[in-house]
Amino acid sequence: MATIKGKVGAWLTDGTQAGFIEGRSLNDENAMIAAVRFLNVDMTSMGWTRIGSADVTLEIDNDDTIRQNMIESLREQKKSILAKAHSEATTIEERIQNLLAITFDEVSR
């Protein structure tokens, strides 16, 4: 396992500002940390608010674990794509069946 240390920006999105403020009012450090997004990219143009910086220590998993995590992510992505495709195909088939159910007499009325 490798370790990398560095500094990153701490940002709040529109959706995380309330959680951060609520956590501060409750002195709940876990809630505050959960609300923060850590990035080294200026997110001001996206409406995010920079609130500071954080020292980060990243413990990188071994190659086998990373590979397995990648495979799991790809399988989940595949499931999502197949579910969406199935849903869209079902919608199209319903439209086809509706068109097939229309008779000439109904159209000419």
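The values are calculated or read from the model by the stated rules, or taken from the named source; none is laboratory data. The shown structure was predicted, so the numbers you read here are calculated from the model rather than taken from an experiment. Positions of Cβ are backbone-derived with ideal geometry, glycine not excepted, and every protein chain shown enters the neighbour counts.
To keep it simple, each residue is scored yes or no on (1) assigned to a loop (DSSP other than H, G, I, E, B); (2) among the small types (Gly, Ala, Ser); (3) modelled with pLDDT under 95; (4) touching a strand residue (DSSP E or B) at 6+ places or on another chain (Cβ under 8 Å).
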{"residue": "Ile71", "(1), (2), (3), (4)": "no, no, no, no"}
{"residue": "Leu74", "(1), (2), (3), (4)": "no, no, no, no"}
{"residue": "Leu82", "(1), (2), (3), (4)": "no, no, no, no"}
{"residue": "Ser87", "(1), (2), (3), (4)": "no, yes, no, no"}
{"residue": "Thr90", "(1), (2), (3), (4)": "no, no, no, no"}
{"residue": "Glu94", "(1), (2), (3), (4)": "no, no, no, no"}
{"residue": "Leu99", "(1), (2), (3), (4)": "no, no, yes, no"}
{"residue": "Val107", "(1), (2), (3), (4)": "no, no, yes, no"}
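In segment 18-71, which residues are farther than 30 Å from Ala2 by Cβ and touching a Lys or Arg at 6+ places or on another chain (Cβ under 8 Å)?
Selection gives Thr44 alone.
What's the number of the condition Thr90 fails, among (1) more than 22 Å from the chain's Cα centre (by Cα); (2) under 29 Å from Ile33 (Cα atoms)?
Result: Thr90 passes all but (2).
Taking into account only those residues within segment 45-64 that are hydroxyl-bearing (Ser, Thr, Tyr) and exposed (fewer than 10 other Cβ atoms within 10 Å of the Cβ), which is farthest from Val8 (Cα to Cα)?
Among those that are hydroxyl-bearing (Ser, Thr, Tyr) and exposed (fewer than 10 other Cβ atoms within 10 Å of the Cβ), it is Ser45.
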